[in-house]
1. For segment 355-370, does any single residue satisfy the condition of being under 25 Å from ALA329 (Cα atoms), assigned to a strand (DSSP E or B) and within 32 Å of the chain's Cα centre (by Cα)?
2. Determine the pairs where a residue that is assigned by TED's automatic domain parsing to the domain that holds ARG289, located within segment 251-270, has a partner that is of a type in the set (Asp, Glu) with Cβ atoms under 6 Å apart, the partner being 6 or more residues away or on another chain.
3. If I ask for residues that are aliphatic (A, V, I, L, M), in a loop (DSSP other than H, G, I, E, B) and either more than 17 Å from ASN153 (Cα to Cα) or assigned by TED's automatic domain parsing to the domain that holds ARG219 (or both), which ones from segment 75-106 would you list?
4. Could you figure out which of (1) over 30 Å from GLU529 (Cβ atoms); (2) modelled with pLDDT of 90 or more isn't true of VAL371?
5. Look at segment 123-148 and say how many of its residues are within 22 Å of GLY87 (Cβ to Cβ) and either of a type in the set (A, V, I, L, M) or touching an Asp or Glu at 6+ places or on another chain (Cβ under 6 Å) (or both).
6. In segment 372-381, is there at least one residue being under 25 Å from LEU246 (Cβ atoms) and either out of contact with any Leu (no Cβ under 7 Å at 6 or more places or on another chain) or assigned to a helix (DSSP H, G or I) (or both)?
7. Output the number of residues of segment 822-860 satisfying the condition of being more than 28 Å from SER457 (Cα to Cα) and aliphatic (A, V, I, L, M).
8. Being of a type outside the set (Phe, Trp, Tyr), modelled with pLDDT of 90 or more and within 19 Å of LEU54 (Cα to Cα) is the requirement here; does VAL294 meet it?
Amino acid sequence: MDTAVAETIAPFDLHAILKEGSQSGLIPELREALQRVSEQLDNDFRDGRSAGELLRARAALIDDVLRHAWETLELPEKRIALVAVGGYGRGELHPHSDIDLLVLRDGENEEDSRSLESFLTLLWDLGLQIGHSVRSVEECISQALNDVTVLTNLIEARLLLGEQGLLDAVAEGTQDTEMWAPDAFFKAKLTEQEARHAKFGDTEYSLEPNVKGSPGGLRDLQLIGWLAQRHFGWSSVAELTANDFLTDAEATTVIHGQEFMWRVRYALHMITGREEDRLLFDHQRELARLWGFVDGDKLAVEQFMQLYYRWALALSQLNEVLMLSFDQAVLQAGTADIVLDINEWFELRNGYICAKRDSVFEEYPGALLEVFLHAGNNPQASGIAAETIRLIRENRHLIDDDFRRNDQNKQLFLEVLRSNNRLTRQLRRMSRYGILGRYLPAYGQIVGQMQHDLFHSYTVDAHTLQVIENIRRFLKPENDERFPVTSRVARRLPKIELLYITGLFHDIGKGRGGDHSELGAVDARTFCEDHGLSRRDTNLVEWLVRNHLFMSAVSQRKDISDPDVVQEFAEHVGDQNRLDYLFALTVADINGTNPKLWNAWRGSLLRQLYTESKRALRRGLENPVDKQDWIAETREAAAKILEYRGFTESELASLWQERGEDYFLREKAEDIAWHTEAIADHQDQSQPLILVRNGVESSVANTTQIFIYARFDIGTFSRTCSRIEQLDLSVHDARIYHGRDGMSLDTYFVLDSSGKAVEDADRLRHITTYLNDKLSPETDSNAIPTRLTPRRVRSFRLDTETSMRVDPVREVSVLEVISLDRPGLLARIGEVFVEFGVICEAAKIQTLGERVEDVFCVTDTERQPIADEQLAEQIQSAIRDTLDSQESQ
């Protein structure tokens, strides 16, 4: 779409450039000329010249190159036409975009065919990326009839050389009276857009968006141009504005938004040296540098991407409004309006909420909130009308301090949050149209704010609304199978709106520099007090925001089979009501952070912590579980299971005498029985015993257990982790028990690459056979995996961080490692353990996007904590050096 930006770059004089260049022949001269001009355009770009001017200058240069080549080869002027189509047809050509050409021919001539072949060969020899088709007028019309994409290319066709009459004949044969009537064309292009948006996740906020195809990208603007030109014959922003399809403010958004997206795409082509439209992580950092951003409270790349996302959102909103306008002008043209009255401010017109007059929001600013109540609560409403969306955006400045202090407006906002109908859809609309950010200024600061990692799949604002949508899902029966416990808990919450408020504020403090949980808790308390919530409700919301990461951290980083851990957590939570709210919030938060983050393992850990904490609260916090009682109960339960399998008390006493208390404290009775029976039948203790149990049989739901009973070897942990990874499995928990008889009982909880338990019987047998073979004493090679680190992970640099402390209760040292995820990480850490004589007693493995946060319980060879601070630092330094040197390689 022509934005009518004044062109200030002087056109290149190709003949002058060629005279300055070498005289070694046509192709070298033209190639050199193209190279010199490309370098000049790139320099102009770096100097801040308009991208639109540069694109038009490049297109004009290519026009001259094609004409020069055509004339040099003496191609005919009659019976043939050389036509620019696509972006080149619009006169926009990025550094490495395809040059799309259509050759129209009136009949075939052998001499012309040879000349045309020579022409195209010359262009390829020049290194130009030519996309071409050769058709007759009739073929062109026929293909346009059957393919709306062909027709779309022809809308912007531009004659370069040859017979104008051929292009005129195509234009006449493809007008809307001949094919693709306005309604059919509109529907087809809208379907195309929906499919394209779905391909890119239906969000402007992809981690690595496509500047051309993602929602809010250049293609959305081009669609507006195609529809305007096809239906109305308008080809410029000025014509759209003059005919009231664009307001002056929207026209400004189109012009500046298109220029921004052009600059991003130009920069991507320039820095990669190819046609690249994806804002990959590496490119994001380079573009942030080009734009002049520097690290502060937010990283430079996060500042740049927030700018990108806000422009993408603005252009996406504009696309939405104009699609609604085209719908009314094209699909509803000539039909009578169906109008239903709502109140003095609004009516329902053809299924859309409409303001009754342009002055509604000026007369009653509270209508800026009330309109979303009607859109949500009226079952006949499909949405908000385009003209009303415009009025909302034009009047959102009315939401100021006085508006926010108005008690009626406060109640309207709370009514939105208490709505039982389409709540998240209305909150998304309020966010898109700028209302939510005006009413909650702190929310306005997080709009488009990304976190430069693989853990957070969404910007902070998108994540916030996703969390609220997840909470809503817990209330719907169709989600009971996926969230059986959470759904029951959420439905019995006394005030679900308190969870929505918590969801709104839990991450609102991000990007300000400081603990976002603390900052958000302050904002949440202020909101609750300003909106008249009771002291009890206010305290609950504030506590939830401050502690929204607590349950997740405990479940994934601590040993929740330890009753002391459960007791400590329950004491922190304090009561059942807080536990219920925190549990529902935690599940919603994890699922709203990254679709790949939630898996059966994380779900089982949270459910276990919730259930055990619930028991602790019911028992009374003043009556903690006695560990000896717990151990005795577990032994008794396991003995009862084994009694039915023919074991006597004396046999069990003999088999268990080498097992320490920790084994009976942390393992479930059914697992102890499983281990014991297999160990009793295992005759050759020189060979390892390998047991594998699938997710259905596992005592920890939805995970696969690998049990290894073998003679103790300090290197077993490293070798086992290496072999498990070679099976395309990931370790999430490891429990290692050393008996006084020199045998070790190791349990690894693993998931496959899709985050699920292994259920296939053949694969389970293969795992067992493979580990039996590779972990036998005869096989002493560690064989650390050498697979390539995934491209996305390689885009990040993360220096390894470690810490080590002594846990006097468990009598172990707790080692924490934060590092970049990469193949063989656990095996390499295990090698360091071997080097320093460190025994791994347990491990909790957590992968968060591109990073891992692993916790290891370790001892020295005497099974004592590593109390020597100098040795502890040497171990940590070796781990950091090992992992970071691997990353640099």
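1. No.
2. LEU268/GLU276; MET270/ASP42
3. The answer is LEU75, and nothing else.
4. (1)
5. 9
6. For segment 372-381, residues under 25 Å from LEU246 (Cβ atoms) and either out of contact with any Leu (no Cβ under 7 Å at 6 or more places or on another chain) or assigned to a helix (DSSP H, G or I) (or both): present.
7. Adding up the residues that qualify gives 8.
8. The answer is no for VAL294.
The values are calculated or read from the model by the stated rules, or taken from the named source; none is laboratory data. Small disclaimer: the values here were computed from a predicted structure and weren't measured. Every residue, glycine among them, receives a Cβ derived from its backbone with ideal geometry; neighbour counts consider all protein chains shown.
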